[in-house]
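Accompanying notes for the structure given below.
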Amino acid sequence: MQVPQFYRWLLIPLLAIPVAAQQLSGAASPLSVPQSLDQLLSEGNQSPFSGSVPSAKLTPGVLELGVEEAIDRGLRYNLGIVLSGQATVQAKAARLKELSNILPQLNGSVRESAIKVNLAAQGLNKNLLGVPIPPALHFGNSEARVSMSENLIDLHAIENTRAAAANVRASGFTFNSARETVTLAVAASYLLVVAAESRVEAATAELNTATALYQLAEDRESAGLTPNVDTLRAHVELQVRRQNLIEANNSLAKQRITLLRVLGYPVHQQIKLVSRVPYKPLVTLSEEEVLRRALVTRPDYLAAEQQVKAAELQKRAAEAERLPTFGVTGDYGVLGTRPDNAFPTWSVTAGMKIPIFQGGRVEADIRQAESVLQQRKAQREDLKGRIEQDVADALLDVTAAGEQVEVAKATLDYAQQALTQSQDRFSAGVTNNIEVIQAQEALATANQQYISSLYAHNIAKVLLARASGAAEQTLRQVLGDDGLGSSVHANPAPRK
């Protein structure tokens, strides 16, 4: 996975450090994983899964929010799940409409009429066989009738109904796929807020360390032990840490708003995440096993198969337009000149309609249906290949991210030891505070890389669950909290 240029630019303020600090920390580039929900969903702000149908009013105080509660709420109010549910309703309505073409059509009518005819205007103004004909004639009738029609054999309508039923099943699988995507969106948003909170904690600890070192430099300058340039360097470092904390707090506020939008909360609702999502290594999985399970359980692949089946049935329906249809019509009712002299009447008609020439319309329908079928098959095969790629990429990312967490943790420990020793050397007057500033930069970088590696590992597990088609069932367990614990190592206070 390649990180787009925009997100590279966005991460520069967090990851940019002096070359000397990189050498001290032994830093490596973080794993290329999505760094925002928009990037994860690949559609930016236009994705319905980054929005919601607001359903809650602003609640006073702070709401505590865990991973499972967030997922449950997202599955109710996320815009993507709402739209997918309505698409399923539309597919069922389309099937009902097709089904009506093969079900009996029953209608009732009641009619009362009065008619006056000008016989003279029709040329009947003479005697007929010695019987005088009046110039006008008045008559009326009363009728109540029930009529019925039914296509007994219409393969075109039958195949269209079957195709509509396949589309309903496909829409059901698409709805399940939307649930998987919502789970992914909620989990990713939650993890982004956790990572942002960890960066704020790290930035706060770094600011506290920089403040103490600045005070130490001032004290040593006042005692005549160090030159003013050491105090200036410490002051510059203090200002940089203040800027980093401002940026970290701003980023955290935005990530919280993104999470609130996904869940349908007001954007100004105060929340507290109670699941810290600590590091938990994932059990080694076989790629073949994961891929086999994905092809059986992934709802988007099952939906693609149903769409292929629907296209095949629609082609058969188009071919059936060449076949004759057989149907019956009938009616039963009462008819008379007045309601009091009406008596029963009925009729039954059976007929066959044989298409002979329809101007090439049937051939056009067949070709169009064949084209749609080939498109659906190509899309299904492409999706199968994409699933293979998703599984392989996710397994590689989980493995690499797990290794990076271990390396980042060791690097953080080394950087913390280096800072402690640099502070001791500066306090003893063995060196100036250039070495301390570099050690601070190295520790800050190590903190950021450790936080990034934790996020990368967790999001890799999320993507693996989505790739295997079991996101909703497994993410609660994978992201469950084994206990509260900070992902940030506090910086040691400088010694005087």
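The values are calculated or read from the model by the stated rules, or taken from the named source; none is laboratory data. Note that the structure is a prediction, hence the values are computed from the model and not measured. All Cβ positions, glycine included, derive from the backbone under ideal geometry; neighbour counts span all protein chains shown.
Of all residues in region 266-303, count the ones that are of a type in the set (Asp, Glu) and either surrounded by 17 or more Cβ atoms within 10 Å (Cβ to Cβ) or in contact with a strand residue (DSSP E or B) (Cβ under 9 Å, 6 or more places away or on another chain) (or both). Summing the residues that are of a type in the set (Asp, Glu) and either surrounded by 17 or more Cβ atoms within 10 Å (Cβ to Cβ) or in contact with a strand residue (DSSP E or B) (Cβ under 9 Å, 6 or more places away or on another chain) (or both) in region 266-303 gives 1. In region 320-339 there is no residue that is without any contact (Cβ under 8 Å) to a residue 24 or more places away in the chain and either more than 28 Å from residue 172 (Cα to Cα) or not in a loop (DSSP other than H, G, I, E, B) (or both). Taken residue by residue, region 96-119 has at least one member that is farther than 22 Å from residue 338 by Cα and at pLDDT below 85. The condition (being part of a helix (DSSP H, G or I), surrounded by fewer than 18 Cβ atoms within 10 Å (Cβ to Cβ) and not hydroxyl-bearing (Ser, Thr, Tyr)) is satisfied by just one residue among 375, 306: 375. Residue 184 passes every criterion in (1) closer than 30 Å to residue 464 by Cα; (2) at pLDDT 90 or above; (3) not small (Gly, Ala, Ser) apart from (2). Of the candidates 249, 244, the single residue that is under 30 Å from residue 462 (Cα atoms), in contact (Cβ under 8 Å) with a residue 24 or more places away in the chain and over 32 Å from the mean Cα position of the chain (by Cα) is 244. Of the residues making up region 248-295, those that are basic (Lys, Arg) and outside any helix (DSSP H, G or I) are 272, 276, 280. When 171, 189, 222, 149 are checked against the criterion of being at pLDDT 90 or above and farther than 25 Å from residue 76 by Cβ, 149 stands alone in meeting it. Of all the numbered requirements in (1) outside any loop (DSSP other than H, G, I, E, B); (2) out of contact with any Lys or Arg (no Cβ under 9 Å at 6 or more places or on another chain); (3) exposed (fewer than 15 other Cβ atoms within 10 Å of the Cβ); (4) at pLDDT 85 or above, residue 60 misses one, and that requirement is (1). Each residue in region 91-118 was checked for being touching a His at 6+ places or on another chain (Cβ under 9 Å), more than 28 Å from residue 170 (Cβ to Cβ) and surrounded by 11 or more Cβ atoms within 10 Å (Cβ to Cβ), and 1 of them qualify.
Can you pull out every residue in region 201-247 that is crowded, with 18+ Cβ neighbours inside 10 Å, among the β-branched types (Val, Ile, Thr) and assigned to a helix (DSSP H, G or I)? Of everything in region 201-247, those that are crowded, with 18+ Cβ neighbours inside 10 Å, among the β-branched types (Val, Ile, Thr) and assigned to a helix (DSSP H, G or I) turn out to be 204, 209, 231.
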